[in-house]
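FYI, it's all coordinate maths here, none of it is from the lab. Values in this document were obtained by computation on a predicted structure and should not be read as measured data. A quick note on method: Cβ atoms are made from the backbone with ideal geometry, for glycine too, and the neighbour counts reach across all protein chains shown.
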Amino acid sequence: MSNINDYDFYLPPELIAQAPLPQRDASRLLVLERAGGKIEHRHFRDLVYYLRAGDCLVLNDTKVLPARLFGQKLGGSSEIEVVLLRQLNLTDWEVLVRPGRRARVGTSIIFGNGELKATVLANTDAGGRVLRFQFEGQFLEILDKLGQMPLPPYIVEKLADKNRYQTVYARELGSAAAPTAGLHFTPELLSELAERGIKIARLTLHVGLGTFRPVQVERIEEHKMHAEYYSITTETAALINQARLSGGRVIAVGTTSARTLETVGQPDGRVQAGSGWTDIFIYPGYQFKVVDGLITNFHLPKSTLIMLVSALAGREQVLAAYQEAIREGYRFYSFGDAMFII
């Protein structure tokens, strides 16, 4: 049994990145070798020197919804914050609401100048609400106008350009949070990797806000993950399987890509095309079937994300690498620097 405190560490608050760097691939890159724990300090654009022709880089092409809305209770002036989590049908969404006491069943909420309205239909088991929206025209167009990016709670500064919380290859709308490891890539870097013979594969996993929720049990094995929707095409599966057959390494960009690959992975390491919901929880003791390497950001203490990273590279090695990153002044979390485990 693993204890939650085994994944704790102290992070100086000033190392929490509040804004992205002007140039995406200028972020620092800590390279950690799984065998032996050797560490190198590079920059993200140096990734080209660590990948080989025949390797397969797997990206999550999900796109973040501007899912944070601010409205008022109909007939009142009290502000209500709504974060969209999951679309249930054309008009109904599962959401988070703050403050919850202002959003009882039957409450009506108005957004903007009234082009968007909602009624609270029900409470959810997770403490959220089900809202039914009323609008004229295209919901996503209205959302793009009124919504804000649902930045993590540790980012307190307003984002000047909401596209910086999207990867340059984002195309499948549906996430409540960005797959942040991919924020470091530029079109030029991806082109250079392809020219060097590295295969680029894309899958989709729509990230839920459960990714920010803390583990609240002492024994991590008792933690339950929130299910997230994934999709992997026949073309992507074939590309990954061919890379493995040819001796290439499968490099997951982000924990979301890693979790999807391990969800669809077979015991022999092949992946199967398909779609569905995954609540896979990867922590030390897990045997990876597909993933050979991982590009990821630096994660919160006691989070399921640092547990996944520890499953791949070993808890002691990961925590030692984190301590070195802190000593070296790396920037942490969503807009921070990156780590390459190989």
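Assign unit charges at the C-beta atoms only (+1 for Lys and Arg, -1 for Asp and Glu), then state the dipole size of the chain relative to its Cα centre in Debye, rounded to the nearest 20.
Using only the charged Cβ atoms, the result is roughly 440 debye.
With a point put 7 Å past each Cα toward its Cβ, work out how far Glu188 is from Tyr154 in nm, to one decimal.
About 3.0 nm, to one decimal.
Of the DSSP beta bridges with both residues in the chain, give the percent that are antiparallel, rounding to the nearest 5.
If we restrict to bridges inside the chain, about 70 percent are antiparallel.
Taking 7 Å along the Cα-to-C-beta vector as the label spot, tell me the Arg219-Ser2 distance in nanometres, rounded to one decimal.
1.5
Please report, in Å, the Rg and the Dmax of the chain, where both are computed over Cα atoms only.
When restricted to Cα atoms, the chain yields Rg and Dmax of 20.5, 65 Å.
Given +1 on the Cβ of Lys and Arg, -1 on the Cβ of Asp and Glu, and no further charges, what dipole in debye does segment 68-146 carry about its Cα centre, rounded to the nearest 20?
The dipole magnitude comes to about 360 debye.
Give me the net charge of Ala122's neighbourhood, meaning all other residues with Cβ under 15 Å from the Cβ of Ala122; Lys, Arg count +1, Asp, Glu -1.
Result for the local shell: +1.
Between Leu69, Val318, Ala19, whose Cα lies farthest towards the positive end of the dipole of the chain when Lys and Arg beta carbons carry +1 and Asp and Glu beta carbons carry -1, centred on the Cα centre?
Leu69
Charges on Cβ only, +1 for Lys and Arg, -1 for Asp and Glu, centred on the Cα centroid of segment 187-272; of Gln216, Gly265, Ser231, which one is farthest towards the dipole's positive end?
The Cα lying farthest towards the positive end belongs to Gly265.
Using per-residue counts of other Cβ atoms within 10 Å, averaged over each peptide, order 16-26, 326-336, 305-315 from highest down.
For the peptides 16-26, 326-336, 305-315, the packing ranking is 305-315, 326-336, 16-26.
Can you tell me the FRET efficiency between Leu90 and Arg327 if r is taken as the Cβ-Cβ distance and R0 is 56 Å, rounded to the nearest 0.05?
Efficiency, from the Cβ-Cβ distance: 0.60.
What distance in nm lies between label points placed 7 Å from Cα along the C-beta direction at Ile280 and Arg164?
Computed distance between label sites Ile280 and Arg164 equals 3.3 nm.
Given the pairs Lys38/Lys224; Lys224/Lys302; Lys199/Lys289, which are separated by over 23 angstrom at their Cα positions?
Lys38/Lys224
So how tilted is helix 255-264 from the main axis of the chain? Cα-based, degrees 0 to 90, rounded to 10.
On a 0 to 90 degree scale, this one is about 80.
Regarding segment 68-146, what whole-number volume in Å³ per residue does the convex hull of its Cα atoms give?
Value for segment 68-146: 82 Å³ per residue.
Magnitude of the Cβ-charge dipole of segment 70-228, K/R +1 and D/E -1, about the Cα centre, nearest 20 debye?
Value, rounded to 20: 400 debye.
Taking +1 at the Cβ of each Lys and Arg and -1 at the Cβ of each Asp and Glu, which of Phe133, Ala53, Gly37 sits farthest along the dipole of the chain towards its positive end, judged by Cα position relative to the Cα centre?
Phe133
Hey, which lysines would be in cross-link range of Lys73, C-alpha to C-alpha under 18 Å, not counting anything within fewer than 8 residues on its own chain?
Filter leaves Lys117.
What number do you get for segment 171-270 when its Cα radius of gyration is normalised by 2.2 N^0.38 Å, N = residues?
Cα-based Rg divided by the globular estimate yields 1.22.
Using Cα pairs under 8 angstrom and six or more residues apart, how large is the relative contact order of segment 155-310, in percent?
The normalised contact order for segment 155-310 reaches 23 percent.
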